[in-house]
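The values are calculated or read from the model by the stated rules, or taken from the named source; none is laboratory data. What you are looking at is a predicted structure, and each value in this text was computed from that prediction instead of being measured. When we count neighbours, we look across all protein chains shown, and the Cβ atoms used for this are built from the backbone with ideal geometry, even at glycine. When the accessible area is computed, the model is the full protein with side chains, heavy atoms only, and any ligands, DNA or RNA have been set aside. Shrake-Rupley method; radii C 1.70, N 1.55, O 1.52, S 1.80 Å.
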Amino acid sequence: MPTSMSVVQEFPAPPSAVYALLIDREFLAGRLADCGGVNPEIVSLDVAGENGAQTATVVTRQAIPSDVLPAMVASLMAGNPVTERTETWKPAGDGYSADFSVTVKGAPASLKGTMVLASAAGNPGSSTLTVEGAAAVPIPLFGGKIEEVIAGQIGELLQMEGDYTRARLAG
């Protein structure tokens, strides 16, 4: 049974300003470098449409240093596990939404879910990013523990990315 994760972040800018960063190549490269992955790269960034109605698909790849993983998980993988993350964004109401997936190359592990970037209730000019997902590792006995690790690692990564985003919005 997949392990659920949920992260909510507040940003001091409207959804349009946050979204503009989330689909900006320079911002994405800086965020990847700042968040500590090994060999981070933007695999592709495809943006279509006009301002306010833009759709985007963002694919990034980075390795997770094996020394930050629990020993049980690291022992199941050779070297630093490489993750590939795909986000497919579209306008939704006064903000944007995305389906996302994270796969671990060479391992039967994945995380899938949705992200919603919307105006923060009761806080004009601010926005909220809500991330809901589920990690799945179909390995008997150990799968649930590995799912917990993946969900935790992604939660920590999203927190670092949120901090980086807030710093960029602050100027």
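Being open to solvent by less than 40 Å² (accessible area, probe 1.4 Å) and closer than 13 Å to Ala109 by Cα is the filter here, so list the residues in the stretch 139-156 that pass it.
The answer is Gly143, Gly144, Ile146, Glu147, Val149, Ile150, Ala151, Ile154.
Sort out which residues of the stretch 9-32 are of a type in the set (A, V, I, L, M), surrounded by fewer than 17 Cβ atoms within 10 Å (Cβ to Cβ) and either closer than 15 Å to Ala98 by Cβ or more than 14 Å from the chain's Cα centre (by Cα) (or both), and write them in order of number.
Ala17, Ala20
Please indicate, with yes or no, whether at least one residue in the stretch 9-31 is modelled with pLDDT of 95 or more and farther than 26 Å from Ala92 by Cα.
yes
Within the stretch 33-58, work out how many residues are assigned to a loop (DSSP other than H, G, I, E, B), more than 14 Å from Trp89 (Cβ to Cβ) and either touching a Ser or Thr at 6+ places or on another chain (Cβ under 7 Å) or open to solvent by 70 Å² or more (accessible area, probe 1.4 Å) (or both).
Here the count works out to 1.
Which residue is farthest from Arg61 (Cα to Cα), if the candidates are limited to the stretch 83-117 and must be out of contact with any Phe, Trp or Tyr (no Cβ under 8 Å at 6 or more places or on another chain) and small (Gly, Ala, Ser)?
Gly93
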